[in-house]
Every structure is written in C-alpha cells, then in structure tokens.
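Here's the structure we're looking at; comments come further down.
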Amino acid sequence: MAKESAESRAKRHAGLRIDTIIAHAGLAPQAFHGFVNPPVVRGSTVLFENVEAMRGRAGARYSYGLTSTPTIEALVEALNILDGAAGTVLVPSGLAAVTTAILVAARPGKKILVPDNVYAPTRRFCDESLRGFGVETIYYDPLIGAEIADLLNGVTALFLEAPGSHTFEMPDIRAMVGPAQAAGAIVMMDNTWATPLIYRPLDHGIDLAIYAGTKYQGGHSDLLLGSISANERLWPALQQLHKNLGIQAGTEEIWLTLRGLRTMGVRLERHERSALHIARWLQDRPGVARVLHPALPDNPGHEIWKRDFGRSTGLFAFVVDGEQRHADAFLNALRLIGLGYSWGGFESLAAPGELEHCRTARPWAEGPTIRLQIGLEDVADLTEDLQRGFTAMKAA
Ligand SMILES: Cc1ncc(COP(=O)(O)O)c(C=O)c1O
C-alpha cells in the first residue's frame, strides 16, 4: 500500500464535519502495517543511510527525536486540522504553551497586554520572569472591548483568554483583534476552555491558539501536555523558537492525548449539559450570591458568548454569599467532588478562588469564589454532594 501524504489526508478531511474529523485526523494506518493508531515511538537517535543524507537532514522527515517522530507527527497533524493551522508545536504542559507563545512576541523595552482574569500562573510568568527580560505587562479589564486601542502603543502582543479564569467574563474578541492587528501586535489566545470544537481562534484573525492538552484533549487526568497552533504568518517564528528552546512533549503523553482526543466531542457534550444543569440549580441555592458561567444571561459578556461561542464546557464558578469560612466549610464537606486544581478530566473537582492576589485592573470586590469542574458523573449524585456542602456552609 502506498503511503498517503499529510497534505492528501488533510484534503480528504475537507468538507467533513467536526465529529468525523476528530475521529480520523492524524491517523495513517498504511504507515503502521494497518494498525489504526500510531505506535509510541520513543527515541532520540535517527540513523541516516549515508553522510549525504545526514547533511541534508533539514529536508528529512525525521532527523532527531526532539524535532519529530511518527507519534509527534500524528498529534501535530490532528491538531493542525482541528484548528486550521499552518503548524503546531507540542510542549510539556499548558503553562509551557502559554510561556512559549508569549516569548514569540516578547521584546525588551516593549509591552504585552494580558487580561486581568488570566490563568494565575500566566500572570506569575509575566510578573516574575518577563519583567526580568525587560518586558512590561499591562493588565487590561477583560470587558474593555474596542478601547483596547488606547493601550496598544509599544505593544508587541495581545494575549486573550476566553472566558477568563475563575470569573468567566467573556471578552469581545472581535472588537479587540482588529485594533491589535492594525498596531502590528501578535494576537494569541489561550483557548483551553472552549477547545477548537467551539471556537477556532485562527479563523478570527488570531495568530496563535494556545491549549493545555492536559484538560479536554487528554480528558483523563493522567497527563500534562501543551500545544500552540499558528497561522501562516506566525508559523516560521513559532517553529524556530520551539526548536531553539529544545522543548518537546513526552511520547507517552502525546500518545495518550491522541487517544483522549478521539472522544473529546462526546465528552464535551456531557460536560456542557451537566455543568449547565448544575449552574442553573446553583442559582436558586441560599449561600450562592452569583453563578459565574458565560451561558447564563446575567454573566458579563453573555451576548458576546452567544455570538462567538454559543456552546460551553464543564468549568465555571460561583460567588459565595458569605465569608471565606463558609466557602471552606462547603469545600471540606464534599465527598464525591475532589479538591483539585485541574479540570477537563472525567471526574468532578472543586477549588477555591484566590482572586484578591490576582486582579489589578478591576480589583475583586465580591465574596469568596468556588470553581467547579463538572465531570462525567450522574448530575443527581453531584447535586447531592453539593447539597452536603451547602448544609455545612449554613452551619459554619
Ligand atoms: C486556562 C488555562 N490555561 C493553561 C493552563 C495550564 O495547563 P497545565 O496545567 O497543563 O500547565 C491551565 C491549567 O489549569 C488553565 O486553566
């Protein structure tokens, strides 16, 4: 059987619907004796037939394990197709994907714009590491919209996260991308929450789509992986930086991410349905001041969410009508829902928000928050567990 090229496989996907693409993207069974999935290829060394082939390694399909293996290639191809990307790099974590993307645009003496509700370790990287490289970070109100234009002087990157971590405000991406492009800034978006099944950043003028594959792509809480997918304009710079930094995701993690990816669509449908059910249920509970979920009509940016996403996933939060001790009593009473900082896996999790340390553009003035990752369990069992939390909260 002749091997089919990646280009020809991509052409075969043209016109297919997303659930079909996700089941097939990146697979090349002819290359592996008909086995549907690629093997876990571990390896640093690639042998060449002669010295001429060695010297011409830049044109070779594989030349060293850091650059590519059949396992890396399979995931990269799948992610390229899902995001409509010119190229994708893999890194060891979602945070590494964020920091690598930022480094593509960071220039000493220049600034980058980051939303105030960004994932907290992204903020820590900007404050503790980027500052040391002479790059200033300006935190903007995530609801700033077109007024972002006023902040773009001397800016090399606009960072977006939608909706933002812990408070889930939905930014007006459309209103922000145009001015940023006109100012020559590189636009990048942490799209971990939505995944390319809900929103494809590169289709909307964004240069770099950033993912923690740790979350929904992997889906089973058993791996760490990050990816960055680039449009034609940014692909050469991203590829060069990735090569020069010498980073790559682990082979086992790549293989597990590919495995998780195949079921991401069906898992997301369940995450969405259960999370929405619980978000609405929470709205009527004493002890809840406000539910922070972009699909709920009173959430900041809800109309934008309807226009741009229209679908949601399993992560949201609520503001406790009380003090920290009430939130803590709630969390300590949970039996089924684990206390953990991650999300996107099959199991439900809860985590306290620590917003007082990471909001500067619009300081947090409401009560303590609790973030919920709604997993694949039966919602009736989850609401019973949450009810245990509310009973404890009342007694605290
Ligand atoms: C929005 C967002 N981006 C990136 C990350 C980082 O992912 P990782 O845990 O793989 O470093 C997280 C992790 O929680 C996240 O919530």
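The values are calculated or read from the model by the stated rules, or taken from the named source; none is laboratory data. Note that this is a predicted model, so its numbers are computed, not measured. Neighbour counts are summed over all protein chains in view; Cβ atoms, including those assigned to glycine, are modelled from backbone coordinates with ideal geometry. For the accessible areas, the whole protein counts, side chains as well, though only heavy atoms, and no ligand, DNA or RNA atoms are used. Shrake-Rupley method; radii C 1.70, N 1.55, O 1.52, S 1.80 Å.
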What does the convex hull of the Cα atoms come to per residue for the range 36-127, in Å³? 172
Size of the dipole of the chain about the Cα centre, Lys and Arg at +1 and Asp and Glu at -1 on the beta carbon, nothing else charged, in debye to 20? 780
Ignoring ligands, DNA and RNA, please state the percent of accessible area on the range 325-396 from carbon and sulfur, probe 1.4 Å. 54
Could you give the distance between the Cα centres of the range 56-71 and the range 28-50, to the whole Å? 11
Over its alpha-carbon atoms, the range 175-237 yields an Rg and a Dmax in Å of 12.9, 42
Looking at the chain only, what percent of DSSP beta bridges run antiparallel? Nearest 5 please. 55
Grab the eigenvalues of the alpha-carbon gyration tensor for the range 231-310, scale each by 5, take roots, and send me the semi-axes largest first in whole angstrom. 37, 19, 13
Which whole-angstrom value gives the distance between the alpha carbon centres of the range 345-396 and the range 124-153? 28
Could you sort the peptides 96-107, 52-63, 366-377, 140-151 by per-residue average Cβ neighbour count (10 Å cutoff), highest mean leading? 96-107, 366-377, 140-151, 52-63
Using only the alpha carbon atoms of the range 74-163, find the Kirkwood hydrodynamic radius as the inverse mean reciprocal pair distance, in angstroms to one decimal. 14.2
Report the per residue volume, in Å³, of the convex hull enclosing the C-alpha atoms of the range 197-272. 93
State the volume of the convex hull built on the alpha-carbon positions of the range 113-260, expressed per residue in Å³ and rounded to an integer. 122
So what is the orientation-averaged projected area of the range 274-396, using the convex hull of its C-alpha atoms, in nm²? 7.5
For the chain, diffusion coefficient by Stokes-Einstein and Kirkwood Rh (Cα), 20 °C, 1.002 mPa s, µm²/s: 97
At 1.4 Å probe size, with every protein chain present, just tell me what the per residue accessible area of the chain comes to in Å². 44
For the range 98-238, what % of the accessible area comes from carbon and sulfur atoms, probe 1.4 Å? 50
Taking the Cα centre of the range 165-314 as the origin, how large is its charge dipole in debye, to the nearest 20, when only Lys and Arg (+1) and Asp and Glu (-1) carry charge on their Cβ atoms? 320
The whole-number value in µm²/s of the Stokes-Einstein translational diffusion coefficient for the range 341-389, with Rh from the Kirkwood sum over alpha carbon pairs at 37 °C and 0.692 mPa s, is 261
Taking the highest mean first, how do the peptides 349-359, 219-229 order by number of other beta carbon atoms within 10 angstrom per residue? 219-229, 349-359
